[in-house]
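Engineer: Got a structure here, written out as structure tokens. Questions coming.
The values are calculated or read from the model by the stated rules, or taken from the named source; none is laboratory data. All values derive from a computational prediction rather than experimental measurement. A quick note on method: Cβ atoms are made from the backbone with ideal geometry, for glycine too, and the neighbour counts reach across all protein chains shown. Protein only, heavy atoms only, side chains kept; ligands, DNA and RNA dropped before computing areas. Shrake-Rupley method; radii C 1.70, N 1.55, O 1.52, S 1.80 Å.
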There are 4 protein chains.
Amino acid sequence: MDGHRISMLGTGLIGDFYTNTLHGERSRDRVRVVYSRSPERGEAFKERWDIPESTTDLDAAIEHPETDVVIVALPNFLHEEAIAKVAKAGKAVLCTKPLGRTAAEARRMLQAVEDAGIFAGYLEDLVYTPKTLKAAAAVEAGAIGDVTWVRSRETHPGPHSAWFWDGRLTGGGPIIDLGCHCIEIIRTFAGKGNRPVEVMCHTDTLVHPIADEDNAIALIRFESGAMGQFEVSWTFRGGMDLRDEVAGTHGTIWLNHFLRTGFEMFSAAGAGGGYVAEKAETAAGWLFPVGDEVSELGYVDMFTDQFAALEGGTAPRETFYDGYVVNAVMDACYRSAKSRQWEPVDVEWRGGVTPRISNEPERYEGQVVIKREILPDGRHKLILKDEASGDFSDRVVAGG
Amino acid sequence: MDGHRISMLGTGLIGDFYTNTLHGERSRDRVRVVYSRSPERGEAFKERWDIPESTTDLDAAIEHPETDVVIVALPNFLHEEAIAKVAKAGKAVLCTKPLGRTAAEARRMLQAVEDAGIFAGYLEDLVYTPKTLKAAAAVEAGAIGDVTWVRSRETHPGPHSAWFWDGRLTGGGPIIDLGCHCIEIIRTFAGKGNRPVEVMCHTDTLVHPIADEDNAIALIRFESGAMGQFEVSWTFRGGMDLRDEVAGTHGTIWLNHFLRTGFEMFSAAGAGGGYVAEKAETAAGWLFPVGDEVSELGYVDMFTDQFAALEGGTAPRETFYDGYVVNAVMDACYRSAKSRQWEPVDVEWRGGVTPRISNEPERYEGQVVIKREILPDGRHKLILKDEASGDFSDRVVAGG
Amino acid sequence: MDGHRISMLGTGLIGDFYTNTLHGERSRDRVRVVYSRSPERGEAFKERWDIPESTTDLDAAIEHPETDVVIVALPNFLHEEAIAKVAKAGKAVLCTKPLGRTAAEARRMLQAVEDAGIFAGYLEDLVYTPKTLKAAAAVEAGAIGDVTWVRSRETHPGPHSAWFWDGRLTGGGPIIDLGCHCIEIIRTFAGKGNRPVEVMCHTDTLVHPIADEDNAIALIRFESGAMGQFEVSWTFRGGMDLRDEVAGTHGTIWLNHFLRTGFEMFSAAGAGGGYVAEKAETAAGWLFPVGDEVSELGYVDMFTDQFAALEGGTAPRETFYDGYVVNAVMDACYRSAKSRQWEPVDVEWRGGVTPRISNEPERYEGQVVIKREILPDGRHKLILKDEASGDFSDRVVAGG
Amino acid sequence: MDGHRISMLGTGLIGDFYTNTLHGERSRDRVRVVYSRSPERGEAFKERWDIPESTTDLDAAIEHPETDVVIVALPNFLHEEAIAKVAKAGKAVLCTKPLGRTAAEARRMLQAVEDAGIFAGYLEDLVYTPKTLKAAAAVEAGAIGDVTWVRSRETHPGPHSAWFWDGRLTGGGPIIDLGCHCIEIIRTFAGKGNRPVEVMCHTDTLVHPIADEDNAIALIRFESGAMGQFEVSWTFRGGMDLRDEVAGTHGTIWLNHFLRTGFEMFSAAGAGGGYVAEKAETAAGWLFPVGDEVSELGYVDMFTDQFAALEGGTAPRETFYDGYVVNAVMDACYRSAKSRQWEPVDVEWRGGVTPRISNEPERYEGQVVIKREILPDGRHKLILKDEASGDFSDRVVAGG
């Protein structure tokens, strides 16, 4: 019944979200030591979350004798070094997203943890939102048939920390910051074993005076024929727009994670109030708060799954290999944005083979039924195709 | 860092929800023994939730040497006896809702725990939904001004267990089953210290061939002038409709807990699928699942608050006294439904005094501003009242 | 193919809405002359809507030789006089809502038009919204079974014209201003032939320093057992909230006419913009405009029905008798608010008799089926009642 | 005040929608003669809509001595011939969408009407929905700043008439059927004068056994840098999904035209009911009807604009030139789907030049403000960029 004692590396917003979750509700896990490059930020973090110790010594944090898990919540450019040190220390490691700045970097991290034989989880929170988990289970149960299309959208007015805007440190703009979420959400619905074959991406820098993109749209073609589509932006106005849509041969799923979740508030200017939700733009007028952000954003279920896997000796839902695949897709996005061509996803594929989307058509009196529609009077209208001639006709038949 | 070991009394749906929550995520609390009147149900429950022991001996369950908390998840008519035994055993007790079948019964339970000096929490989950907690905090921070009106609606097609339908065992129909939630939600927004003064209630048995009401509407007038309004029904079609609306002098809040929460799914008939959500009526067509039911329905935050209070030596958000007030309001509802009159809420009030809703009107050139409206051209239109003559006039002025 | 030539009495906001509609789209009807008590307002209205003539002579407007229809769009206290004059002139008359300030006044107007034998239509626009018409047709077709409950809510921050606030001129506060809509919407769904038997109403003046109510809640019991419920307010914050909900033994209908209709806009402060929608409170932040207000508020379909009835020699959907019934219900509301009792609706009833809501229960092996529920595994759970003993039990059976 | 007398060519669903609209409400316009290739369909249409005459003689219909306007509501492959005949007859012509099967065909039709000097309107209804018109006006007024991205989505389970499925007759699949709407909606928001420069399109045939695409996704890059994006499909499940999203530098617009418009109905299976809305898949469960389809789909405002332009001697909102531009974009889509490259839009451009999206950044103490964010405590957090070094930093300042 004992929980985990954790070395937390990093004190940014993501470190706050993680620690809030780890210490939250009735949890048996605790952060034991926090590492920061800045002693002030480390001390503040320690106070804020009631942590026994803070340090500016990365090795000391990782090798702390009382911790069994290390969480890497550092800026992207520091992941590889930290992972290497944890691998050497032989502890379980959980790394924030994206895994690397490039697939090559991610591939080396994957190699490091596999060589060391340590447990390595990828902290892709948005795949773990309660809605996503339930929707993914419904898709796996066949509730919408074969998946044909997945749209994942993550846009907001731009990140909260200065370093996020510096592509030299992060690897890019919103593709790196937000697209990594979208790609893994798309994979979750299209199927983790469904190979992402090629990518077409368009990027532009429309609003912010930065060197990297602030807007991107990408298409991902999967082996089954399913299409992924993501839109990421640092120029959206109105809050944080996190929506996913999944189309299948027999159904549809729409998820809204943040702006329309059944919580609506109008507050007249000057009436009071304050913090509404992450990335909210205003504190008056119509507002759309989120009930429990750490739960709705997937942090709670993410750590539950990762720790259960660690304790059970199984693989977590999100592994370093997944992080590497995501980096490979992002690499293809950046290549495509530059070449303006469909670019192959260059990845060492471990996921097997997925057959083409299947849909055996219904037949009626020897012809193919293209479509069946309910008429106002309850009868059904069939659109029929004669396969020999290629001609189409319609027929109204009794309903039911 | 040690958690609690719990004696769970009862193996119905609510026991499942509680145990699912208690054992959920990274919890440090566990059910140690479960009591059921039926050995079969007790054993099944024990297996289902991986509990060390089941028993049909109520005293043995309550006095189990390894447990420190007893949870009463029994049908309403068994609460009083169980509470008395826990009081005698001197353990902390958490009791499901409603506390009693009547205020008199609840008052005796309150007395018992106060006489015994034990910790006693009231398991009113819907006051603890993440949305409700955040909305209540916004109201307390002044985001919508003074609360003028609260509507709480809880309707579905009827309960899942046979005993719920027998008013002899429960104390009544949906007022007892669902109204207890609504009343406490209304109190949460109107203010726990705002005395519920009187009640007007209409009930009818429209659809189900039962002796108790299957529909009820009630109005509750609070000391401040704020009005509560609840609608409860066992005849609603379309799933479980849980909505709250709060109006204030400076704002509005709308909460939808179940049917429209940003998760929408269409599943063609026969496509697969299955369980959608509690009280869902169909498994095909447009469906509205809920991400994480135990979280969205408040169970997670409820136990967190109750255990934090127990450990911290403070009062939980929901106490036996609150349960008693709820019973007193429900008693007034039943009296009013019968007398067809406004009936006073007969309660030993501990909540203090709440002043009348205040709204000091704006003035403009010596007159009272009744209203200020934005015109299409940006100017403002004022409705003015001359207090001497009682006459009204309007004036268009520059905006801003 | 010729249209109507209209005498428009009144130049307020409602006159604008009517004339906008009458002249709108490809209409063949035109306002020929407008009457105003103020020559300035009359001239401005004439210019605004391209009308040939304006006058301050009420008789001249009504008796204008080229008009065949008179529309009464005057403040409430001027209706009776105007109707009497139109009756004398023998022209068709359409009167805005509410018909009278009291049922007695409305009864006299009804008498006047019946004695004169003229066509008389009641301009209750909200019963004619496209959504309401389609929903009413669905209810009549049996799509939701017998109606058990109707909620109609109309609230906003208060009227735009000064005279509306003066109960001496209008007859009251939001019950008169908004409740008249709600009552007729409720009757439309509960059934026009379903007698409103009695009323319970609560009113209060919470925010605005006026002599009449600024908030009211009312319950209306119909002969069938169906309950109507309306909430009206001049203190709502956030725009104009027009929603209706209908519950039936086999279904549910939810209508949102104004604030959530599939049009959502975020506009950063200072970005431009301006007029959003009637009663909108802000011009920045999240806004909820309405596509075509005159259509969405029912004005278009209202005049189509009224003129079709006039031309076809039939009764329109909304008659002076309906207006009289609405006034009778409002009278009962005001009586009840004062007496704090259920008050009978005192009306000369012409609508016939409506039987009690019927619901013949399903039977299973000799017992009454109280409820049938789908389980996660697809089987059905029945709640059964033994009529002899009054005992309840449950049984799980195969689904489908 | 006289209306138009119309020759209606075609008796399919679109002819029904047009005639329903033309004869609707208080209209002064009437269809005088209907042409059909089939005498039975012609007679049935004549009876259905109370039209004086039907004919199978195309020339007779077009040259009918009492009509002044000809509406082409024929399958796509018959447009060119019909337009040529109307041009010869010298009457005003309104042509359904898409104008041609290819840009070349559309260009010839444009030439024909320009040579003949006749009024020629393009019946692109979805640009005329009340929501779209109001949203477009808001965009033009600057409410969301410069448009950066427009998404238009139109998907449903497939067309209702057999000929729609035969690409030999239509010119293609859903790009031709639905994409033509999306493209013009995108142009409406991006700006009619904003040149569509190039297109990237992906198509696939996933579900229906047809020769053309049943799914397509396309990106359109405009001269200003704004991106258009459309998704069209004949395999969507759940009804007809018509949504548009517009992002601007200072705001956001979301439109839902069909499935979520504030009208929600649950109808238990077997409760009654029937026709719900165009392309609805079920008649039980949760349903989402549309209030007034001909209004919500833009038909009413479309004919009002077209006839007002005809009468006023001005250009309508949608001209044959617009139809030609749409065909040019669709041609580029099909080329791109085949070449898998960005393809230029090959069009004779008449729309002028549009500058790049502008966004002059705010400055703070000599640095560029990348972003300004509200903190929970009301202060503002600025992300600053030093232009010399390219370094980013953040600064917390007083709010307001």
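Engineer: Counting alpha carbon pairs within less than 8 Å and at least 6 residues apart, what relative contact order, in whole percent, applies to segment A:1-93?
Structural biologist: Over segment A:1-93, the number comes to 32 percent.
Engineer: Another question about this same structure. Given contacts defined as C-alpha pairs under 8 Å and at least six residues apart, what's the relative contact order of segment D:52-140, whole-number percent?
Structural biologist: Details: 96 pairs, mean separation 22.4, N = 89.
In percent, rounded to a whole number, it is 25.
Engineer: Please report the antiparallel percentage of DSSP beta bridges with both residues in segment B:24-121, rounded to the nearest 5.
Structural biologist: 0
Engineer: I would also like to ask the following. Output the antiparallel fraction of DSSP beta bridges having both residues in chain C, as a percent to the nearest 5.
Structural biologist: If I count the DSSP bridges inside chain C, around 65 percent turn out antiparallel.
Engineer: From other protein chains only, count the Cβ atoms within 10 Å of every residue's Cβ in A:131-140, then give the mean.
Structural biologist: Mean shielding count: 4.
Engineer: I've got another one for you. Highest mean first, how do A:63-69, A:187-193, C:296-302 rank when packing is the count of other Cβ atoms within 10 Å averaged over residues? Let's see the in-between values first.
Structural biologist: Values: A:63-69: 17.0, A:187-193: 22.7, C:296-302: 25.3.
So the peptides A:63-69, A:187-193, C:296-302, ranked by packing, come out C:296-302, A:187-193, A:63-69.
Engineer: Helix-only mean residue ellipticity at 222 nm, chain B, DSSP H runs n ≥ 4 weighted -39,500 (n - 2.57), per residue, nearest 500. What is it? Mind showing how you got there, number by number?
Structural biologist: Details: 11 runs with 115 residues, N = 400.
Calculated from helices alone, the mean residue ellipticity at 222 nm is -8500 deg cm²/dmol.
Engineer: Around residue B:152, what is the net charge, scoring Lys/Arg as +1 and Asp/Glu as -1 over all other residues with Cβ under 13 Å from its Cβ? It would help to have the intermediate numbers written out before the result.
Structural biologist: Values: positive: B:131, B:151, B:153, B:187, B:243; negative: B:124, B:154, B:184, B:231, B:241, B:244, B:245.
For residues surrounding residue B:152, the net value is -2.
Engineer: Highest mean first, what order results for D:109-115, C:151-157 on Cβ atoms within 10 Å?
Structural biologist: The densest-packed peptide leads the list: C:151-157, D:109-115.
Engineer: Then there's this: Tell me, Kirkwood radius of segment D:227-368 from alpha-carbon pair distances, in Å?
Structural biologist: 20.0
Engineer: Relative to the other copies, what are the label-point distances for residue C:311, with labels 7 Å from Cα along the C-beta vector, expressed in nm at one decimal and sorted shortest first?
Structural biologist: Distances to the matching label points in the other copies: 1.6, 7.6, 7.6 nm.
Engineer: In whole Hz, what ³J(HN,Hα) sequence does segment B:246-257 give by Karplus (6.51, -1.76, 1.60; θ = phi - 60°), x for Gly and Pro?
Structural biologist: 10, 10, x, 5, 10, x, 8, 10, 10, 10, 10, 8
Engineer: Considering only protein heavy atoms, what is the solvent-accessible area of residue A:365 at a probe of 1.4 Å, reported in Å² to the nearest 10?
Structural biologist: About 130 Å², ignoring ligands and nucleic acids.
Engineer: Same structure, new question: Count charges around residue C:363 for me, please; just the other residues with Cβ under 11 Å from its Cβ, Lys/Arg as +1, Asp/Glu as -1.
Structural biologist: Numbers: positive: C:385; negative: C:360, C:362, C:365, C:387.
With Lys, Arg at +1 and Asp, Glu at -1, the net is -3.
Engineer: Can you list the residues, at least 5 places off or on another chain, whose amide H is less than 5 Å from the amide H of residue A:250, using H built in the peptide plane?
Structural biologist: A:145, A:146
Engineer: Here is a follow-up. Need one value for A:158-166: mean number of C-beta atoms belonging to other chains within 10 Å of its residues' C-beta atoms. Don't skip to the end; give the middle numbers.
Structural biologist: On the way: counts 5, 5, 6, 4, 12, 5, 5, 9, 4.
Mean inter-chain Cβ contacts per residue within 10 Å come to 6.
Engineer: So if I take the centroid of the Cα atoms in segment C:74-128 and the same for segment A:228-249, what is the distance between those two points in Å?
Structural biologist: A separation of 54 Å, based on Cα centres.
Engineer: Still on this structure, please answer the following. Just to confirm the number: angle between the C-alpha axis of helix A:320-339 and the first principal axis of chain A, 0 to 90 degrees, nearest 10?
Structural biologist: 70
Engineer: Using a Cα-Cα cut-off of under 17 Å, which lysines could be cross-linked to residue A:131, ignoring same-chain neighbours fewer than 8 residues away?
Structural biologist: B:131
Engineer: Give the nm distances, rounded to one decimal, from residue A:140 to the matching residue in every other copy, measuring between label points 7 Å along Cα toward the beta carbon; shortest first.
Structural biologist: Sorted ascending, the copy-to-copy spacings read 3.9, 5.1, 5.2 nm.
Engineer: With every protein chain left in place and a probe of 1.4 Å, what is the accessible surface of residue C:249, to the nearest 10 Å²?
Structural biologist: So the heavy atoms of residue C:249 present about 10 Å² to solvent.
Engineer: Sort B:375, D:206, C:13 by heavy-atom solvent-accessible area, probe 1.4 angstrom, most to least.
Structural biologist: Correct descending sequence by accessible area is C:13, B:375, D:206.
Engineer: Please work out how much accessible surface residue A:346 shows to a 1.4 Å probe, ignoring ligands, DNA and RNA, in Å² rounded to 10.
Structural biologist: 120
Engineer: With Cβ to Cβ distances under 12 Å as the rule, what net charge do the other residues near residue B:342 carry (K, R +1; D, E -1)?
Structural biologist: Numbers: positive: B:221, B:335, B:340, C:340; negative: B:198, B:343.
So the environment of residue B:342 carries a net charge of +2.
Engineer: Still on this structure, I have one more. Give me the distance between the Cα centres of segment B:153-198 and segment D:280-311, rounded to whole Å.
Structural biologist: 43
Engineer: Using mean Cβ contacts within 10 Å as the protection proxy, how do D:165-172, A:307-314 order, highest first?
Structural biologist: Ranked by mean Cβ neighbours within 10 Å, highest first: D:165-172, A:307-314.
Engineer: Within a 10 angstrom radius of each residue's Cβ in A:19-26, how many Cβ atoms of other chains show up on average? Whole number is fine.
Structural biologist: Mean inter-chain Cβ contacts per residue within 10 Å come to 5.
Engineer: Using Cα atoms only, what is the angle between the long axis of helix C:13-22 and the major principal axis of chain C, expressed in degrees (0 to 90) to the nearest 10?
Structural biologist: 90
Engineer: So, one more: For chain D, list the cysteines whose Cβ sits under 4.7 Å from no other cysteine Cβ?
Structural biologist: Among the cysteines of chain D, those whose Cβ sits 4.7 Å or more from every other are D:95, D:180, D:182.
Engineer: Still on this structure, I have one more. Compute the acute angle (0 to 90°) between the alpha-carbon long axis of helix A:180-190 and the principal axis of greatest extent of the alpha-carbon atoms of chain A; round to the nearest 10°.
Structural biologist: 40
Engineer: A follow-up question, please. Using a 1.4 angstrom probe on the protein heavy atoms only, line up A:118, C:176, D:374 by accessible area, largest first.
Structural biologist: If we order A:118, C:176, D:374 from most to least accessible, we get D:374, A:118, C:176.
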